[in-house]
Structure formats: C-alpha cells, structure tokens
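Visitor: Structure incoming, see below.
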Amino acid sequence: MRQDPLSQKIDWISVLLFGVLALAGWLNIYAAEYDPDINQSIFDFGTSAGRQLVWIMASIVIAFGLFFFDYKFFDSFALVIYGVFMVLLLLILVGGKEVAGSKSWVGIGGFGLQPSEFAKFATAFALAKYLDHPTRKLENLNTMGISFAIILLPMALIVLQGDTGTALVFTALVIPMFREGMPPQLLIIGVSVFAVFILTLLVSQTVLLAGIAIVTLLALGLNARNPKRLLYIVASAVMVTLAVRSVDFILTEVLKPHQQKRVLSLINPNIDPLGAGWNVTQSKIAIGSGGFAGKGFLEGTQTKFDFVPEQTTDFIFCTIGEEQGWIGSILLLCVFTALLLRLAFLAERQKSTFSRVFGYSVIGIIFFHFTVNIAMTIGLFPVIGIPLPFFSYGGSSLWAFTILLFSFLKLDAHRMQVLQRW
C-alpha cells in the first residue's frame with residue numbers, strides 16, 4: 001500500500017500559527033528596543049531583535065530536524081531524556097550561573113541556556129511514557145502518586161535554583177492527568193486552596209477559618225448519607241485550612257524578599273510603587289495608552305523611553321497593547337487561542353495514550369505561559385518572570401517551545417502507526 005509523504009501528514013495549520021507568532025514576536029522585540037536616534041537595523045545582530053532572528057532560524061532547523069527523527073524515539077527514550085535533565089538540574093545547583101536572582105543558567109560561549117526550560121518537555125515525555133500502560137489508571141492512588149512525583153521532582157529542583165515562576169509552570173501538567181481520568185474533585189480542591197491563599201492576604205485568618213468551619217459543617221450535614229463524599233469534604237476542609245495557616249510561612253520563609261513584594265503588590269499596587277509595583281503600573285499605562293487602534297509600529301512613547309523594564313521578555317505584551325492597541329491585542333489572543341484549539345483537536349485524534357498525554361501536556365504548558373504572562377502585564381497575577389510562548393526574546397524558551405510543539409506534530413504525523421507493546 002502506497003504511503004503518503006511526510007509533508008502531507010504534517011499539520012501545516014499549527015506550523016503556520018507557529019510562524020505567525022515567531023514573526024510577530026521578532027517585530028515586537030525590535031519595536032520594544034527601537035531607538036529613533038540610532039535607527040538601528042532589525043537585522044543588526046548586536047541587538048535583541050538581531051539575536052532573536054538567529055534563535056528563530058535555529059528553531060526552524062530544530063523544528064524540521066525533529067521530523068527526521070524516528071517517531072518511536074520519543075517513546076523509547078522518554079525516561080532517558082527525563083533522567084538526563086534531572087541530573088542537569090542537580091548540577092546547575094552546584095555550578096550554575098546566577099541571573100536575576102535565579103541560579104538556573106549555564107554559560108555556553110557568549111550566551112546562556114536555561115535547562116529548566118527544556119525540563120518541561122522532558123517531564124511531559126516522562127509523564128506520557130508512564131501513563132502509556134493499560135494497567136495504569138489515574139483513579140488509582142498509586143498511579144496518581146507516581147504521576148505527581150514525576151512532576152514534583154523537577155519543580156523542587158527548580159525552586160531550589162530560585163526560579164519559582166518556572167517551577168509553577170509544571171502544575172499545568174495536571175491538565176493531561178485530568179484528561180486521562182484523574183478525579184475532578186482534586187481540581188476543585190486545588191482551585192479552592194489557591195483562592196483561599198489569595199483571600200488570606202485580604203481577610204483576617206480568624207474570619208476565614210470560622211467561615212471554613214461553618215461551610216464544612218453544612219456540607220457534612222447535607223451529605224451525611226454519602227461516605228465517599230464525606231471523605232472529600234473532610235479532605236478539602238483540611239487542605240484549605242492548611243493553606244490558610246501556611247500563608248505566613250510561605251511569604252516569610254519560602255518566597256524571597258522580591259517575590260514577597262510582588263505578591264503583596266498584586267493586592268495593593270501602592271505598597272511599593274517605585275519597586276515591585278513599578279513594572280505592572282508602567283505596563284498598564286503603556287497598554288492603556290494604546291487605545292483602540294494603537295499608536296502605530298515603532299511609535300510607542302512608553303516603549304521608546306524605557307518605562308517598562310524587561311519589555312522584550314516578560315512584558316512584551318505591553319508593546320503590542322501600546323503600538324497595536326485593542327485590535328492588535330485581540331488578534332494576538334485569537335492566534336494563541338487558535339493554536340490551542342488546533343492542538344486540542346490533534347490531541348483528541350491520537351491513537352496512543354503516549355501521544356495524547358504528550359499533546360495535552362503541550363497544550364497545558366503553552367496555556368499556562370500564555371494566560372499567566374498576559375495576566376502579569378495587566379496586574380491580574382503576580383510577576384513571576386515567565387515568557388510569552390514563541391513571542392518573547394530568548395533562545396532557551398523559543399527552542400524549548402519549538403521542541404514541545406514539533407515533537408507533538410511529529411507524533412501526530414504518525415498517529416496511525418501505533419506501537420503494539422502490551
């Protein structure tokens with residue numbers, strides 16, 4: 001039977017959306033550092049835009065290089081890849097290069113790479129490999145525990161490096177776990193714990209604990225004849241109570257001083273307006289000043305005068321808001337939404353658990369970066385220093401996202417060739 005060429009199996013819609021985001025990111029990096037007095041070229045390799053072009057060219061090589069891999073490689077070497085990156089994360093703790101308070105970089109020649117970015121796809125591979133077994137069901141506590149252990153190991157190592165923001169990205173890997181059958185009650189508990197954590201910063205702990213006790217007693221009374229539900233209610237109450245009691249410890253003992261200020265500035269932007277609150281305040285001013293249609297490409301005054309720090313990386317979205325306005329911002333949101341929906345469609349048509357779990361892992365990681373990065377720039381989430389996928393300046397993040405996306409597209413291209421192992 002005649003085999004269709006690989007070019008006909010590749011999902012070119014996803015490739016096109018990748019190209020649109022990478023190109024738009026490159027242009028906005030140029031706009032963010034553009035100086036009208038110098039009028040530097042976008043192809044000047046001494047600028048961020050010039051270097052980003054090099055990263056983009058390299059990512060294209062990586063992307064199409066992945067299509068020449070045997071699709072069985074990802075499945076066969078998933079745990080090896082995971083082990084290599086866990087060892088590398090350990091070594092970084094000893095000999096890593098410290099940048100912006102995080103000891104998470106390794107110097108290579110004249111530039112640095114951040115192994116924690118690449119640990120995301122390594123962990124996604126390991127999770128997919130573990131769950132790709134007919135006897136492993138996420139309704140089972142043992143399977144659930146090992147799955148969480150796979151995710152928590154890199155998170156712990158990255159937290160030790162001082163990069164809490166990147167560590168939080170790994171929580172997005174619960175998305176494929178829910179798709180594979182993990183009880184939704186855990187999601188409800190997790191969201192409740194996070195909401196209570198934020199509430200504890202706003203309301204007295206005594207009032208919150210009293211409210212939790214009242215709600216728990218009412219829930220127990222209404223569900224007295226359902227033992228299983230009673231267990232979930234008690235577990236939820238315990239976790240939420242622990243969340244309330246742990247807030248002070250986390251703020252003072254776990255988070256670094258600059259991270260504490262970022263969290264508190266989210267609640268009260270005026271607490272440190274010239275310090276932790278400066279970035280978000282200036283970002284919101286820049287986005288608001290763009291209005292409906294924006295000021296035009298290279299015409300952003302907030303951008304030109306460097307009011308917003310980290311504007312080519314973490315705060316790149318405010319360049320879009322200022323220069324392209326509401327229209328440009330909505331278009332960017334639409335492109336990201338289209339990519340996520342397309343990937344969800346591809347993930348659902350996979351014939352193997354490995355490919356499906358990995359596909360939803362890609363969706364979860366991109367979704368977390370996308371939503372949290374934009375939420376940071378408009379003051380809805382603490383500044384945790386994570387880039388906008390395919391868009392922000394930086395070789396490590398661009399290459400890591402490229403490997404994530406195109407590894408999945410390679411698996412999708414061979415979705416009909418399911419490995420028979422069990």
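Visitor: Which residue is surrounded by the fewest Cβ atoms within 10 Å (Cβ to Cβ), if the candidates are limited to region 20-38 and must be within 28 Å of the chain's Cα centre (by Cα) and β-branched (Val, Ile, Thr)?
Guide: Taking the candidates together, the pick is Val20.
Matching residues to (1) aromatic (Phe, Trp, Tyr); (2) touching a helix residue (DSSP H, G or I) at 6+ places or on another chain (Cβ under 8 Å); (3) open to solvent by 10 Å² or more (accessible area, probe 1.4 Å):
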{"residue": "Gln350", "(1), (2), (3)": "no, yes, yes"}
{"residue": "Thr371", "(1), (2), (3)": "no, no, yes"}
{"residue": "Ile378", "(1), (2), (3)": "no, yes, yes"}
{"residue": "Leu388", "(1), (2), (3)": "no, yes, no"}
{"residue": "Leu404", "(1), (2), (3)": "no, yes, no"}
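Visitor: Do we find a residue being under 30 Å from Ile386 (Cβ atoms), part of a helix (DSSP H, G or I), modelled with pLDDT under 80 and open to solvent by 40 Å² or more (accessible area, probe 1.4 Å) anywhere in region 222-240?
Guide: yes
Visitor: Scan region 323-357 residue by residue and report those that are touching a Lys or Arg at 6+ places or on another chain (Cβ under 6 Å) and among the acidic types (Asp, Glu).
Guide: Glu323
Visitor: Another question, if that's okay. Kindly provide the set of residues from region 176-185 that are assigned to a helix (DSSP H, G or I), surrounded by fewer than 19 Cβ atoms within 10 Å (Cβ to Cβ) and either modelled with pLDDT of 85 or more or of a type in the set (A, V, I, L, M) (or both), ordered by number.
Guide: The answer is Phe178, and nothing else.
Visitor: Need pairs with beta-carbon distance below 9 Å; first residue under 15 Å from Gln185 (Cα atoms) and within region 215-230, second assigned to a loop (DSSP other than H, G, I, E, B); sequence gap 6+ or separate chains.
Guide: Arg229/Asn223; Leu230/Asn223; Leu230/Ala224
Visitor: Further, regarding this structure: Take Asp44 and decide whether it is acidic (Asp, Glu) and more than 22 Å from Thr313 (Cβ to Cβ).
Guide: no
Visitor: Which members of region 145-173 meet the condition of being farther than 21 Å from Pro382 by Cα and either outside any helix (DSSP H, G or I) or in contact (Cβ under 8 Å) with a residue 60 or more places away in the chain (or both)?
Guide: Ile150, Leu153, Pro154, Leu157
Visitor: Given the structure, is Leu199 touching a strand residue (DSSP E or B) at 6+ places or on another chain (Cβ under 9 Å), open to solvent by 30 Å² or more (accessible area, probe 1.4 Å) and either at pLDDT 75 or above or at positive phi (or both)?
Guide: The answer is no for Leu199.
Visitor: Scanning region 304-324 for residues that are surrounded by fewer than 20 Cβ atoms within 10 Å (Cβ to Cβ) and closer than 12 Å to Ala286 by Cβ, which turns out modelled with the highest pLDDT?
Guide: Pro309
The values are calculated or read from the model by the stated rules, or taken from the named source; none is laboratory data. Computed from a predicted structure; not experimentally measured. Ideal geometry is used to build each Cβ from the backbone, glycine not excepted, and the neighbour counts take in all protein chains shown. Only protein heavy atoms, including side chains, enter the accessible area calculation; ligands, DNA and RNA are left aside. Shrake-Rupley method; radii C 1.70, N 1.55, O 1.52, S 1.80 Å.
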